[in-house]
1. What is the Cα centroid distance between the range 45-110 and the range 118-156, reported in whole angstrom?
2. Any idea how far apart residue 100 and residue 193 come out in nm if each label point goes 7 Å out from Cα toward Cβ?
3. Show me 73-80, 152-159, 42-49 ranked by packing, highest mean number of other Cβ atoms within 10 Å first.
4. Length gain on complete extension for the stretch residue 160 to residue 238, per 0.36 nm per residue less the alpha carbon to alpha carbon distance?
5. How long, wide and thick is the range 33-158, going by the Cα atoms along their three principal axes, in whole angstroms, largest first?
6. Determine, for each peptide in 113-119, 23-29, 133-139, the mean count of other beta carbons within 10 angstrom over its residues, then list the peptides with the highest first.
7. For Cα extents along the principal axes in Å, one of (1) 47, 40, 37; (2) 60, 36, 32; (3) 64, 36, 33 was computed from the structure I shared and the rest are decoys. Which label?
8. Which of the peptides 196-204, 160-168 is most tightly packed, and how do the rest follow, judged by the mean count of other Cβ atoms within 10 Å per residue?
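Each reported figure results from applying straightforward, stated rules to the coordinates on display, with no laboratory input. Quick caveat, the model's predicted, so the values are computed rather than measured. Every residue, glycine among them, receives a Cβ derived from its backbone with ideal geometry; neighbour counts consider all protein chains shown.
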């Protein structure tokens, strides 16, 4: 697994490992770090007072937005509105500001369409979108298509972890959760050849990156049948265990 898992998810993975007699290791393939105030200012985007609403697509975006604002001594007004990709991300804002329903909005289904529906109900706001160095332009394109005033800027970056020689050898399967995980694998093993090694992933962006690198994708989630990676992995192991029998 190319990233750590929460206690609840890890419990399910441990059950799967015991049930099918496999070993599942969790390795941090990437880390996230803030850009410096100097790097942010070089993008020539002013957060306040130019913007009245912030769009958050992840908890990482929330952490690095508020931390960088603190470093740059940007005072966050109580009137600022927050539009989040999901309720889980919206609730995370409580780590930094008091949660008020009148200023925190989120997509009910966790998808961009749901987020845009919320934004379109507030067309007079000027939006700021904190981004990672690795991102898609889906939300930017939606905003431009609907004539919503906005700016975006990179506030944090994805950095590949450096593994010891041989640390990634001997695994039968790698499971990735982002394109950056694939990049990390290839930076650590530039001569990587897939061969019989199995590759799985969660999410369309990771799947696209795997295929663009010319690798075979053996396990993909989410699907209608398996909306989570734990379900997809167990389904794969059950299917292939029965074949071996």
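1. 13 Å
2. 6.3 nm
3. Values: 73-80: 10.8, 152-159: 19.5, 42-49: 13.2.
So the peptides 73-80, 152-159, 42-49, ranked by packing, come out 152-159, 42-49, 73-80.
4. In short, 24.8 nm is gained.
5. Projected onto its principal axes, the Cα set of the range 33-158 covers 35, 31, 27 Å.
6. Details: 113-119: 17.1, 23-29: 13.7, 133-139: 15.3.
Going by the mean number of other Cβ atoms within 10 Å, highest first, we get 113-119, 133-139, 23-29.
7. The listed entry that was calculated here is (3).
8. Details: 196-204: 17.6, 160-168: 12.0.
Highest-to-lowest ranking by the protection proxy: 196-204, 160-168.
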